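The values are calculated or read from the model by the stated rules, or taken from the named source; none is laboratory data. Every value quoted in this text rests on a predicted model; they were computed, and no experiment measured them. Cβ coordinates were reconstructed from backbone atoms using ideal geometry, including for glycine residues, and neighbour counts include every protein chain displayed. Areas reflect the complete protein model, heavy atoms only, side chains present, ligands, DNA and RNA absent. Shrake-Rupley method; radii C 1.70, N 1.55, O 1.52, S 1.80 Å.
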Amino acid sequence: MNARHLRAFVPGLSRLFPPGHVAILRLYGPIAGGARTADWIELVRRLRESRRVPAVVLDIDSPGGSATASDDMFLALERLAAKKPLVAAIRGTGASGSYLAAMAARTIVAQPHAIVGSIGVISAGPRLPRLLDRLGVSVSETRAGRLKGMGAPWREETDEERAKEQAIVDAFYAAFVARVARSRRLAEERVRALATGEIWLGEQAVELGLVDEIGDLERAVELAAAAAGVPARSAPVRLRRPLLERLAGRFGVSLAAAVADEIEARLESRLRT
């Protein structure tokens, strides 16, 4: 990727990014897999390799989400933290997968009433066989492999499938607990006692050792800058969607609104007649 393409992909790292400033990397909203997570991880890599960026603050306001995507984020941030100072700031919510991401940081600050924790893993999905029976719908299933189709909603799961699903959840849970224990310098038994899936406010999280101190984003920047030996100045970085994608998004919103208006008008017309 040449310099011109890099500026288009990550404008925050172009010549417009002030050298020596702490980069603020935002982790907002649910964590889902796919292209968006891949692009976010690419941005983390660029921050790691950029000579313009002395330190990074991970600005968190996320309830978590996909276990695999959260794991990907943690690993990318761990590589970043191995090369330059990384501080996490939990402003609104830092729970589940986003709290896992924060484990890569050397220091975690949180607002006094931020939501912190939810250390746990859940796998859920609907089971619809009784509903399908009532509707007179049947599903034909042809498969090769005893556990192929595990989790299919049109039938009840078998004992073997249930055990397999639990084993996967337990493996993710064990990895989550181990990473929290290592990052927070706590015994695994202590973390397991806290890893009930519950949440705490920021002040409680400090008392429990899940967060280092109470502070805001500005405090996180000060800590990151001090660790890097630079002035406490910051600049946010973000992925910029391609022009075509942005135009398509705006067109999609307009189209959806137009379709909704047309449907409403036709329904009103039918009701009047």
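Mind checking whether some residue in segment 174-189 is over 25 Å from residue 130 (Cα atoms), assigned to a loop (DSSP other than H, G, I, E, B), open to solvent by 40 Å² or more (accessible area, probe 1.4 Å) and not hydrophobic (A, V, I, L, M, F, W, C)? Among the residues of segment 174-189, at least one is over 25 Å from residue 130 (Cα atoms), assigned to a loop (DSSP other than H, G, I, E, B), open to solvent by 40 Å² or more (accessible area, probe 1.4 Å) and not hydrophobic (A, V, I, L, M, F, W, C), which makes the answer yes. How about segment 68-81: which of its residues are of a type in the set (A, V, I, L, M, F, W, C), within 17 Å of residue 169 (Cβ to Cβ) and either over 9 Å from the mean Cα position of the chain (by Cα) or open to solvent by 50 Å² or more (accessible area, probe 1.4 Å) (or both)? Listed by number, the list is empty, since nothing qualifies.
Here 169, 109 are screened, and the one residue that is open to solvent by less than 50 Å² (accessible area, probe 1.4 Å), at pLDDT 80 or above and touching a strand residue (DSSP E or B) at 6+ places or on another chain (Cβ under 9 Å) is 109.
So is residue 122 open to solvent by 50 Å² or more (accessible area, probe 1.4 Å), within 22 Å of residue 37 (Cβ to Cβ) and in contact with a Gly (Cβ under 9 Å, 6 or more places away or on another chain) or not? So residue 122 passes the test.
Listed by first and then second residue, the pairs linking a residue in segment 39-51 that is farther than 15 Å from residue 105 by Cα to a residue that is open to solvent by 30 Å² or more (accessible area, probe 1.4 Å), with Cβ atoms under 7 Å apart and 6 or more places separating them unless they lie on different chains, are 41/72. Exactly one residue out of 186, 210, 223 is within 18 Å of residue 110 (Cβ to Cβ) and under 21 Å from the mean Cα position of the chain (by Cα): that is 210. The residues listed here are 198, 207, 189, 165; of these, the one that is within 30 Å of residue 87 (Cα to Cα), in contact (Cβ under 8 Å) with a residue 40 or more places away in the chain and acidic (Asp, Glu) is 198. Scanning segment 94-118 for residues that are in a loop (DSSP other than H, G, I, E, B) and touching a Lys or Arg at 6+ places or on another chain (Cβ under 9 Å) gives 103, 104, 111, 114.
Of all residues in segment 205-224 being assigned to a helix (DSSP H, G or I) and touching a Gly at 6+ places or on another chain (Cβ under 9 Å), which is nearest to residue 91 (Cα to Cα)? Of everything passing the filter in segment 205-224, 205 is nearest to residue 91 (Cα to Cα).
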